[in-house]
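Visitor: Provided herewith is a single structure, encoded as C-alpha cells, for subsequent inquiry.
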Amino acid sequence: MTTSPPSATRPMSVLVVEDEPDIRALLVMNLRREGYQVAEAADATSALNLARSERPSVVLLDLMLPDMPGTEVCNRLRADRRTEDAYIIMVTARDEDADRVAGFEVGADDYVTKPFNLRELLLRVRAGARRVTPPVVDESPPLEIGLVRIEQGSHRAFVSGDELQLTATEYRLLVFLAQQAGKLCSRGDLLEKYGTCRLR
C-alpha cells in the first residue's frame, strides 16, 4: 500500500537535498515509487539552482551540506519568490532543541531527525504536498502601462527599469489593476477578485 500523492493528474514534485549517496538514493527510489516527480542534489549550490528551475512542491533538506549550511539554503528558498511557497522538511542528524528552533526560525515547515522512519517521512511528505499547490508557469506576455512593466512569466514588476519588491498579494493586485487600465476599479471589484486578501 502506497501513500499516493494528492494529485492524480499532475504528480507533486520533491527535491531531495542530501550529500550522503546511500540516503539520497533511498529517498529518491521510494519517493518515485510513491509516484512523485523527484529531483536530487548533493550540495547547496545545485539544490538552489534546481529549486529555482523545477519549483518543487516539497523540499527534503539536509542541514549539513558540503558548501553551505542547510539553514542558509532554507533562508534563500524562502527569500526567493519562485520557491517561497515550497514545503520544506529538514532531515538531519542534529537533534538538539536549539537546532530545531534554528530550523523553524529560517522557515522550515517540518523537522525530522536521522535515523528516520521511512514510512513516517513519506507520510510527512504527503502531508506537506497537500498544503501546497503545484506552481503554474505563466506564459502571458509582459504588461506595460506607462513606466510600469510587469513580466508575468517571472512574476517581476519594474518602474522606470527599477524592480519593485512586492509580496505575492501585492503582485497579484498590481497585475489585476494593470489589466483594468483605463477602467474604474472599486474596492468591491478587488474584494470579489481577492476576497481572502486584507485590503485596507
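The values are calculated or read from the model by the stated rules, or taken from the named source; none is laboratory data. All of these numbers come straight from a predicted model, not from anything done at the bench. All Cβ positions, even for glycine, are placed from backbone atoms using ideal geometry, and neighbour counts span all protein chains on display.
Visitor: Are any residues in segment 57-92 under 19 Å from Glu40 (Cβ atoms) and among the small types (Gly, Ala, Ser), and if so, which ones?
Guide: Within segment 57-92, Ser57, Gly70, Ala86 meet the criteria.
Visitor: Now, a different point. Within segment 134-143, identify whether any single residue is hydrophobic (A, V, I, L, M, F, W, C), in contact with a helix residue (DSSP H, G or I) (Cβ under 8 Å, 6 or more places away or on another chain), modelled with pLDDT under 90 and under 30 Å from Val175 (Cβ atoms), and answer yes or no.
Guide: There is at least one residue in segment 134-143 that is hydrophobic (A, V, I, L, M, F, W, C), in contact with a helix residue (DSSP H, G or I) (Cβ under 8 Å, 6 or more places away or on another chain), modelled with pLDDT under 90 and under 30 Å from Val175 (Cβ atoms).
Visitor: Is it fair to say Val73 is over 13 Å from the mean Cα position of the chain (by Cα), outside any loop (DSSP other than H, G, I, E, B), of a type outside the set (Gly, Ala, Ser) and at pLDDT 90 or above?
Guide: For Val73, the condition - over 13 Å from the mean Cα position of the chain (by Cα), outside any loop (DSSP other than H, G, I, E, B), of a type outside the set (Gly, Ala, Ser) and at pLDDT 90 or above - is not met.
Visitor: Hey, among Arg10, Arg24, Arg52, which residue is at pLDDT below 95 and part of a helix (DSSP H, G or I)?
Guide: Just a single option satisfies the conditions, and that option is Arg52.
Visitor: Suppose we filter Leu164, Leu184, Leu147, Leu173 for residues that are modelled with pLDDT of 90 or more and over 17 Å from Pro56 (Cβ atoms); which single one remains?
Guide: Leu147 is the lone residue from the list that is modelled with pLDDT of 90 or more and over 17 Å from Pro56 (Cβ atoms).
Visitor: Looking at segment 33-42, can you tell me whether even one residue there is free of Cβ contacts under 8 Å to residues at least 60 places away in the same chain and in a helix (DSSP H, G or I)?
Guide: Yes, segment 33-42 contains at least one residue that is free of Cβ contacts under 8 Å to residues at least 60 places away in the same chain and in a helix (DSSP H, G or I).
Visitor: Something else: Which of the residues spanning segment 164-187 are under 13 Å from Val148 (Cα atoms) and of a type in the set (A, V, I, L, M, F, W, C)?
Guide: Leu164, Leu174, Val175, Leu177, Ala178, Ala181
Visitor: With respect to Val58, determine if the residue is touching a Phe, Trp or Tyr at 6+ places or on another chain (Cβ under 9 Å) and either acidic (Asp, Glu) or modelled with pLDDT of 95 or more (or both).
Guide: yes
Visitor: Taking Asp99 as meeting all but one of (1) at pLDDT below 90; (2) surrounded by fewer than 13 Cβ atoms within 10 Å (Cβ to Cβ); (3) assigned by TED's automatic domain parsing to the domain that holds Val38, write down the number of the exception.
Guide: Evaluating Asp99 over (1) at pLDDT below 90; (2) surrounded by fewer than 13 Cβ atoms within 10 Å (Cβ to Cβ); (3) assigned by TED's automatic domain parsing to the domain that holds Val38 leaves (2) as the failure.
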